[in-house]
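Everything below concerns the one structure shown next.
The values are calculated or read from the model by the stated rules, or taken from the named source; none is laboratory data. Here the structure is a predicted model, which means the values were calculated and not measured. Here the Cβ positions follow ideal geometry from the backbone for every residue, glycine too, while neighbour counts run over all protein chains shown.
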Amino acid sequence: MSFNNGLQPAGFDTLAPELCVQIMKNLSVTDVTSLLLASEHMREVFNSDQHSVVAAILKEQPGFEEMLFLQTAQKCENHRDRMLHPRIVNLCYDSPSGPSTINLMGQGVVVFQYLSDNPLVWRSNIFNLTMDDMMQVWKKVKVIDRYVDLFPRVYWRENPEDRRFLRPAEEARLRRAISRWWLYAHHNHGFFHSWRSFQVPRLWDRDPRLVHLRRLNTDEILELQDLWAFVRDVVSNDLCSSPERICRCEDGYVVDLVPWGAEDGRHDTIVSTYMKLAPDQLMYYLDRYSNWNKNVTVNAITADTRLFTRDTETLSISIVKVLEERALLRDAIQVAFPTCSIVDDTRDHPAFVDAWVNDAWPDGRLPLDSDEIRQLNLPEDNGEHARRGDDGTDASLPF
């Protein structure tokens, strides 16, 4: 018996535009992108109300605030008193009723603005974004979606039978941590600024790099540290290892992935050098050069990045320094930090983690001045240069 009665199955084309908008606002960035490719009707609805759909979806993304800091980064921020300065971010667009604005961040922030043509001087803390700016953020979130898919495969690399999708809370932690990694890399691992320090961060120093970590709760810093271990695994095994050893066996050929520089103890430095890549850069090279020929990979990456071997990553050092500051200010030389993994399976019970929540320094500055630090006889930290980088080439370095 047929129940079709000659009617065609209902599709997206039959839905009211208002309902289509609400559907899209409850989807992820990647899902909306796929939906727009599959339905011309949904694409027309999206284009007619693009500003509200994009703003609604992005504002629900964990780490959206870091994405806005990244999108509105200024060259004048490479200063200990201006890094990640509070700002007001709006989306401006033209509506049928006239110019309209959607506030994205910074309600209640004190407004300041003055005239200056110098890019190294703050001119205003009000940023009015266009839809083109928002679509750049949209593309960044799509890159983070790629890492959400990659994380389980790497995390359970050695035990694939235990692999599973991330739970909502785990995915939210991962997205926030990736956004913070991206923001730190933009300011401190690349050459967005005309000058950056090649000294390692020091305890109690008013270092712009430490601002990124001090403004986080301790549990969030530990989650970022867990993400950094994941990034090291990916760079070591999937980017900086090549099929350079092939043995002839009874069943055919066997390819052995050899870590770059493993034979002379350089692999760790090589990995630390390539960990300076920002999330979008790393994903780009993983797509094209994962476990590829070493010389081809090295030439491709170093050709696009100037002074690539000048130093190694500093995020791991910044994390250690800020955690040490938190421990010392709790009047404890040895502190048992909780295990704040991204995955619930290895994360400590909330009762233990809760003692390290809500302890951020929101403005990124130390709660003590230099005189108070000296009065407490807190240990000092001598400066040193960051470790020299190594891109894995066989040519000897001049020093």
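Structure summary
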read-out: Residues that are outside any helix (DSSP H, G or I), of a type in the set (S, T, N, Q) and closer than 18 Å to H212 by Cβ, drawn from region 309-332; value: T312, T314
read-out: Any pair with Cβ under 7 angstrom, 6 or more apart, that starts in region 177-203 at a residue that is at negative phi and surrounded by fewer than 21 Cβ atoms within 10 Å (Cβ to Cβ) and ends at one that is of a type in the set (F, W, Y) and modelled with pLDDT under 95; value: H186/F192
read-out: S179 vs. criteria more than 21 Å from C340 (Cβ to Cβ) and of a type in the set (S, T, Y); value: no
read-out: Cβ-Cβ under 6 Å pairs, at least 6 apart or on other chains, region 21-43 side surrounded by 14 or more Cβ atoms within 10 Å (Cβ to Cβ), far side among the acidic types (D, E) and not in a loop (DSSP other than H, G, I, E, B); value: T30/D145; H41/D13
read-out: Every residue from region 82-98 that is charged (D, E, K, R) and over 18 Å from V53 (Cβ atoms); value: R82, R87
read-out: Among the candidates L174, L203, L213, L222, residue that is of a type in the set (A, V, I, L, M) and at pLDDT below 95; value: L203
read-out: Number of the exception - T130 against (1) at pLDDT 95 or above; (2) under 30 Å from R232 (Cα atoms); (3) not small (G, A, S); value: (2)
read-out: Which numbered condition C76 fails, given (1) crowded, with 18+ Cβ neighbours inside 10 Å; (2) touching a Leu at 6+ places or on another chain (Cβ under 7 Å); (3) closer than 22 Å to N188 by Cβ; (4) of a type outside the set (S, T, N, Q); value: (1)
read-out: Residues of region 263-304 classified as surrounded by 14 or more Cβ atoms within 10 Å (Cβ to Cβ) and either within 19 Å of the chain's Cα centre (by Cα) or outside the structural domain of F191 (by TED's automatic domain parsing) (or both), total; value: 16
read-out: Members of region 346-370 that are assigned to a loop (DSSP other than H, G, I, E, B) and in contact (Cβ under 8 Å) with a residue 24 or more places away in the chain; value: V357, N358, D359, A360, W361, P362, D363, G364, R365, L366, P367, L368
read-out: Scan of region 44-59 for residues that are within 23 Å of Y184 (Cβ to Cβ) and either small (G, A, S) or surrounded by fewer than 19 Cβ atoms within 10 Å (Cβ to Cβ) (or both), ordered by number; value: K59
read-out: Residue that is closer than 19 Å to T30 by Cβ and not in a helix (DSSP H, G or I), where the choices are L166, L203; value: L166
read-out: Residues located in region 158-174, provided they are closer than 13 Å to V343 by Cβ and over 21 Å from the mean Cα position of the chain (by Cα); value: N159, D162, R163, R164
read-out: Residue tally, condition among the hydrophobic types (A, V, I, L, M, F, W, C) and either buried (at least 16 other Cβ atoms within 10 Å of the Cβ) or touching an Asp or Glu at 6+ places or on another chain (Cβ under 6 Å) (or both), over region 379-395; value: 1
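Here is a yes/no grid of residues against (1) closer than 19 Å to F192 by Cβ; (2) under 26 Å from the mean Cα position of the chain (by Cα):
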| site | (1), (2) |
| --- | --- |
| S39 | no, no |
| C76 | yes, yes |
| L84 | yes, yes |
| M105 | no, yes |
| K139 | yes, yes |
| K142 | no, yes |
| F151 | no, yes |
| W156 | no, yes |
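Residues are listed down the side, and each one gets a yes or a no for (1) at pLDDT 95 or above; (2) small (G, A, S):
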position	(1), (2)
L286	yes, no
D311	no, no
I317	yes, no
L328	no, no
A351	no, yes
L368	no, no
D371	no, no
L378	no, no
